Structure formats: structure tokens, C-alpha cells
Amino acid sequence: MPPSDHDLDAFDRAILSILQVDNSTPQRAIGERVNLSGAAVQRRIRRMERDRVIRGNVAVVEPAALGQSITIFVEVELVSETAADIDAAKAAFTTAPEVQQCYYVTGEVDFVLVVLVPTMEAYETLTRRLFFANPNIRKFKTFVAMDRVKVGLTVAIEMDRQLK
């Protein structure tokens, strides 16, 4: 389980702010910006990785550069919401490479998916595989993005905390 917000001090927050903008920033440069040694920065980063505050180190790829130019949001409603049925839906959505993000939500629907596809034909194929072939899908509703106005996974970090 990740540490609580209170387990992160001002140095950790400053390091995270830098890494969210550019994960390739050298630890020495981070140290200079936050007034720590490179070794201290490295120890803090390793601890945050171990504690799963830092969940991964990835390259952010432009979908259109790989022919995945259509972003679709899909609301999915299940017929049955037993724990086993929800877990089965999560597994199906998680393993579909077209599904970039999957959220189990409250409200009128059970899941919201973010899907990337190259064509609407590819999306139709996906719907047949994920939704129409699944008897536990009551209905799904599709929203096609016209423009990717803001995309990211950065987390707002409160920086005005005092050092512990």
C-alpha cells in the first residue's frame, strides 16, 4: 500500500514534481534544484519506487505516430454486479490492448474506458469482442474525442508543506 500523503516530506514532493515533468532528469541535477546530494535523491527515489509512490517509468508516446489516432470514451453497464462478474469485466478490459485506461466507477454505469484505435472499423471489431460477445454487458455508450485538449497522468503536488 502506498504511503499516505503525510509520509512524503517537502524534499520528496519537490523530487516528484521534477520527475513528473522530465523523468530523465539526472539525479545530480535534481539534487541541485532541491538542495540534496545526488545520493540522497537516489535513496529517496528508490524508497518511493519501493513504496509504490512512483508506479513506473515510461515513455509517453504520441498515439497518432503509431496510427492510433482515434480516442474513444466508453461507458459500460453490466447486467450482474457480483464480485466475480466485476472481476471478470476488469480482467477482460485490462487484457484488451486497445483499452488504454479502465475505471470502475459509481453512478449509472459500472465502467468508463479510454480506448485508442486506428479506425472506426477497428473499434467495431473491439465492440464485438469485448461487449457483444459478453452476455454480462447490458449496454455501452461511446463518445469519440474530437480533439485531445489535455492528456496526462501528472498528479498535482502541494509544495508549501514544511520540512518534517
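With Rg and Dmax of the Cα atoms in Å as the read-out, I listed [x] 15.8, 55; [y] 20.1, 58; [z] 18.2, 60; which label goes with the value calculated from this structure?
Matching entry in [x] 15.8, 55; [y] 20.1, 58; [z] 18.2, 60: [y].
What is the calculated FRET efficiency for residue 32 to residue 150, with r their C-beta to C-beta distance and R₀ = 45 Å, to the nearest 0.05?
Using R0 = 45 Å, I get an efficiency of 0.90.
Using the beta-carbon distance between residue 138 and residue 69 and R0 = 30 Å, what value does 1/(1 + (r/R0)^6) give for FRET efficiency, to the nearest 0.05? Numbers along the way, then the final one.
On the way: r = 30 Å, r/R0 = 0.99.
Rounded to the nearest 0.05, the efficiency is 0.50.
Within the chain, which complete DSSP H helices have Cα atoms spanning at least 30 Å along the helix axis and a mean Kyte-Doolittle hydropathy of -1.0 or higher? Spell out each step's value before the answer.
Values: long enough: none.
Span-like helices here: none at all.
In the chain, carbon and sulfur make up what percent of the accessible area (probe 1.4 Å)? Don't skip to the answer; put the middle values down first.
Values: 6070 of 10980 Å².
In the chain, the share of accessible area belonging to carbon and sulfur is 55 percent.
What Kirkwood hydrodynamic radius do you get for region 86-164 when you take the inverse of the mean 1/r over all pairs of distinct Cα atoms, in Å? Can you show the working numbers first?
On the way: mean 1/r = 0.0665 Å⁻¹.
Evaluated on region 86-164, it is 15.0 Å.
Going 7 Å from the Cα of residue 62 in the Cα-to-Cβ direction, what parts of region 111-128 have a backbone nitrogen less than 19 Å from that spot?
Taking a point 7 Å out along Cα→Cβ of residue 62, the residues of region 111-128 whose backbone N falls under 19 Å are 116-119.
Scale the Cα Rg of region 6-99 by the rule-of-thumb value 2.2 N^0.38 Å and send over the ratio, two decimals.
Working: Rg = 19.3 Å, N = 94, 2.2 N^0.38 = 12.4 Å.
After normalising by residue count via 2.2 N^0.38 Å, the value is 1.56.
Accessible area per residue for the chain in Å², computed with a 1.4 Å probe and the full protein assembly in place, what is it? Mind dumping the intermediate values first?
Values: 10980 Å² over 164 residues.
It amounts to 67 Å² per residue over the chain.
Starting from 0.36 nm per residue, how many nanometres of slack lie between residue 125 and residue 47 once their C-alpha separation is accounted for?
Working: separation 78, 0.36 × 78 = 28.08 nm, distance 4.30 nm.
Difference between extended and current length: 23.8 nm.
The values are calculated or read from the model by the stated rules, or taken from the named source; none is laboratory data. Because the structure is predicted, anything quoted here is derived from the model rather than measured. Note that we place each Cβ from the backbone using ideal geometry, even for glycine, and neighbour counts take in every protein chain shown. Heads up: the accessible areas ignore ligands, DNA and RNA and are worked out on the full protein's heavy atoms, side chains in. Shrake-Rupley method; radii C 1.70, N 1.55, O 1.52, S 1.80 Å.
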